[in-house]
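Here the structure is laid out as structure tokens; the discussion comes afterwards.
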Amino acid sequence: MRNVIFINSHPIQYFAPLYKFMNEQGTPITAWYCSDASIKGGHDKGFGVKVKWDVPLLEGYKYRFFKNYSWKPSHSKGFFGLMNLGMIRELFRIPKSIIIVHGWNYFSHVFILLFGRLRGHTMCLRCETPQNQEILKTGFKQLLKRAGLKHILFPCVNYFLYIGSQNQLFYEKYRLPDSRLIFCPYSVDDNRFRAEWQRLTPHRAIIKRKLGIGPKDKVILYSGKYITKKRPLDLLNAFVALNKPDCWLIMVGEGELRKEMEILIREKNANNVVLTGFVNQSAISEYYAISDVFVMCSEIGETWGLSVNEAMNFNLPVIISDLTGCSQDLVNEGINGYIFKTGDINELTTKLKHVLVDNKLSGAQNSQNILKKFSYSVIHANLTRVLG
């Protein structure tokens, strides 16, 4: 079996467990990283605070870090923030391998795709772009990008690993044949979250009491950065409009919109709202365990929304905006949740009422069952087509 190498900007809490899983299944994985920022920890631009993940990011698989020659070295500094020339040089030293590159947002990623094919490696591209967001982007830069993808970058790729239905549509717009498209869904560490669900479910009342929430009160959960793309103010306004004294809104996260959110909470006298601040991976499960519905109301830029996967491991119904990348894959309308038009606060309020007050969800297929198609096992099984 040929070597399998994943190219990432930095160790990511959602990807590292996948590499460990594949290694345990007998597929040796090596990850090449352009930056060690997530290992060292540091200021997160979105959260607005210092972040260092407290789950293992380097366990169970091989990895290498490469020197970054950028004059502004950071994965948050745009295309030229990652310039790992040693990676390109290494392409010509190693045996022909299967190389999976995550996106084209950095100098390193683009040049690995270009030179990797030249060297004779099997090049795979895994990007997140959903077609329903792509069609909203206009202007000369977009035309230039699409021409570059079609005529320069995509001809260097052997296989395109799509993460969901909208991402598949994005590739199909470039008239790529089905034989070059492989379903590799965006997933989280289901085993870890499912174990947490089983461990914490019997203690829901205790966790609620710790937060000052009544045992029979219902909880709406938001998990993400308090930033414009995530539209947290939409959910706050919908919660106020819901006007149910026995309902709580817990907003797990942090970010630049906190002051606006606090002002709105005071003005509307919304006493049953909790702004937690940044919560690390080891503690997030308690909030999922006590919740009755999960909401993501993001706009363009939310290419998937892996917090939805996390919530669904706790069998939560979900209410997701139509521009959130995963909405058409993870929501079975009226069964495990609802999709609403992004920015439509009235519709969001109605959907919350359907779940929490009217009990309209049929439950014919629960969230955990839907996730079976979006797992590490599916990724590994589908990649065997490339692995041979």
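The values are calculated or read from the model by the stated rules, or taken from the named source; none is laboratory data. Everything numeric here is computed off the predicted structure, so don't read it as measured data. When we count neighbours, we look across all protein chains shown, and the Cβ atoms used for this are built from the backbone with ideal geometry, even at glycine. The area values use the complete protein model at the heavy-atom level, side chains included, leaving out ligands, DNA and RNA. Shrake-Rupley method; radii C 1.70, N 1.55, O 1.52, S 1.80 Å.
Things worth noting here:
- Taking the conditions (1) modelled with pLDDT of 95 or more; (2) within 25 Å of the chain's Cα centre (by Cα) in turn, His75 satisfies each one other than (1).
- Output for segment 79-117, where each listed residue is farther than 15 Å from Lys67 by Cα and touching a Pro at 6+ places or on another chain (Cβ under 9 Å): Arg117
- Reported count of residues in segment 235-264, each being within 15 Å of Val219 (Cα to Cα), open to solvent by less than 40 Å² (accessible area, probe 1.4 Å) and assigned to a helix (DSSP H, G or I), is 5.
- The set of residues in segment 108-126 being of a type in the set (A, V, I, L, M, F, W, C) and surrounded by 20 or more Cβ atoms within 10 Å (Cβ to Cβ) consists of Ile112, Leu113, Met123, Cys124, Leu125.
- With respect to being out of contact with any Asp or Glu (no Cβ under 9 Å at 6 or more places or on another chain) and either within 22 Å of Asp217 (Cα to Cα) or among the polar types (S, T, N, Q) (or both), Val273 fits the description.
- When residues of segment 348-362 are limited to those that are open to solvent by 50 Å² or more (accessible area, probe 1.4 Å) and of a type outside the set (S, T, N, Q), the one modelled with the highest pLDDT: Lys353
- Every pair of residues 6+ apart whose Cβ atoms lie under 7 Å, when the first sits in segment 356-381 and is over 25 Å from Arg192 (Cβ atoms) while the second is at pLDDT below 95 and of a type in the set (Ser, Thr, Tyr): none
- Single residue of segment 154-173 satisfying the filter (touching a helix residue (DSSP H, G or I) at 6+ places or on another chain (Cβ under 6 Å) and of a type outside the set (S, T, N, Q)) that is nearest to Leu330 (Cα to Cα): Gly164
- Val378, sole failed condition from (1) touching a strand residue (DSSP E or B) at 6+ places or on another chain (Cβ under 8 Å); (2) open to solvent by 50 Å² or more (accessible area, probe 1.4 Å); (3) not hydroxyl-bearing (Ser, Thr, Tyr): (2)
- Residues being assigned to a helix (DSSP H, G or I) and either touching a residue at least 60 places away in the same chain (Cβ under 8 Å) or farther than 23 Å from Ile135 by Cα (or both) - total across segment 151-208: 24
- Screening segment 40-65 for residues that are at pLDDT below 85, part of a strand (DSSP E or B) and under 22 Å from Asp189 (Cβ atoms) and picking the one that is least open to solvent (accessible area, probe 1.4 Å) gives Val51.
- Gly277 meets each of the listed conditions (1) on the phi > 0 side of the Ramachandran plot; (2) open to solvent by 10 Å² or more (accessible area, probe 1.4 Å); (3) modelled with pLDDT under 95; (4) of a type outside the set (A, V, I, L, M, F, W, C) apart from (2).
- For segment 28-39, taking the residues that are surrounded by fewer than 20 Cβ atoms within 10 Å (Cβ to Cβ) and not in a loop (DSSP other than H, G, I, E, B), the one that is nearest to the chain's Cα centre (by Cα) is identified as Ile39.
- Test result for Arg146, under 29 Å from Glu299 (Cβ atoms) and open to solvent by 30 Å² or more (accessible area, probe 1.4 Å): yes
- Of Ile135, Ile94, all but one fail to be among the β-branched types (Val, Ile, Thr), farther than 24 Å from Leu18 by Cβ and exposed (fewer than 15 other Cβ atoms within 10 Å of the Cβ); the exception is Ile135.
- Flag if Leu18 is among the aliphatic types (A, V, I, L, M), under 21 Å from the mean Cα position of the chain (by Cα) and open to solvent by 40 Å² or more (accessible area, probe 1.4 Å): no
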